[in-house]
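Reading through the structure tokens given below for one structure.
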Amino acid sequence: MKIIIINGPNLNLLGKREPEVYGSETFEAIFNNLQNKFSEIELTYFQSNIEGEIIDKLHEVGFDYDGVILNAAAYTHTSVGIGDAVKGIETPVVEVHISNVQAREEFRHQSFVSANAKGVIFGFGIKGYDLAIQSFL
Ligand code: DQA
């Protein structure tokens, strides 16, 4: 089974960025733990701060992989292009957010991804990535 985690803008700063919201672990450490825990899965990871690169990655994996776990970060709330890409690919996409976006500013309540996602997980911290992998098993 092939699953990719795609993280959007500023998530390369996990561990340093607003640790009270996003935790103090780097994504490299989180990803390492996930790879160890789900060793039977071919798990890969991609991060970009560039909207078009996220769209290109969705196109690249979206007809071949078994699952996409997408935290489009701020682009979730703004990107029709990422929403259209999620709609256009065949691979099911699980949307993840570390924080409880519904409990935060109103602009974070809107998602261009959710309508075409298989499901949405938010508010469980970095454990959301683990839960998203489990949803594909
Ligand atoms: C986020 C929530 C977004 O609103 C924010 O822009 C992020 C991270 C989360 O994982 O909680 O960068 O997607």
Seminar exercise, completed: Among the residues of the range 3-56, the number that are farther than 18 Å from A85 by Cβ, of a type in the set (A, V, I, L, M) and assigned to a strand (DSSP E or B) is 1
For this session: Among the residues of the range 1-31, write down those that are more than 12 Å from the chain's Cα centre (by Cα) and within 11 Å of the ligand (Cβ to nearest atom).
Result: N10, N12, L13, L14, R17, E18, V21, Y22, G23
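Of a type in the set (D, E, K, R), out of contact with any Ser or Thr (no Cβ under 9 Å at 6 or more places or on another chain), more than 12 Å from the ligand (Cβ to nearest atom) and within 12 Å of I6 (Cα to Cα): does that describe E53? Steps first, please.
Details: of a type in the set (D, E, K, R): yes; out of contact with any Ser or Thr (no Cβ under 9 Å at 6 or more places or on another chain): yes; more than 12 Å from the ligand (Cβ to nearest atom): yes; within 12 Å of I6 (Cα to Cα): yes.
The answer is yes for E53.
Condition first: within 17 Å of V21 (Cβ to Cβ) and not aliphatic (A, V, I, L, M). Now tell me which residues in the range 61-79 satisfy that.
N71, T76, H77
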Exercise. Do the conditions hold for Y45, that is, is it among the aromatic types (F, W, Y), surrounded by 14 or more Cβ atoms within 10 Å (Cβ to Cβ) and under 15 Å from I5 (Cα atoms)?
Worked result: yes
Problem set entry | Residue tally, condition more than 13 Å from D130 (Cβ to Cβ) and more than 16 Å from the chain's Cα centre (by Cα), over the range 33-44 | 3
Exercise. Limited to the range 66-120, what total is found for residues that are assigned to a strand (DSSP E or B), in contact with a Lys or Arg (Cβ under 9 Å, 6 or more places away or on another chain) and either small (G, A, S) or within 10 Å of the ligand (Cβ to nearest atom) (or both)?
Worked result: 3
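Which residues, taken from the range 18-38, are closer than 17 Å to I5 by Cα and in contact (Cβ under 8 Å) with a residue 24 or more places away in the chain? If you could, list the steps in order and put the result at the bottom.
Restricting attention to the range 18-38, the residues satisfying the condition of being closer than 17 Å to I5 by Cα are 22, 25-38.
Those that are closer than 17 Å to I5 by Cα and in contact (Cβ under 8 Å) with a residue 24 or more places away in the chain: Y22, E25, I30, F31, L34, K37, F38.
Every number in this text was worked out from the coordinates using simple rules, so none of it is lab data. The shown structure was predicted, so the numbers you read here are calculated from the model rather than taken from an experiment. Note that each Cβ is placed from the backbone with ideal geometry, even for glycine, and that neighbours are counted across all protein chains shown.
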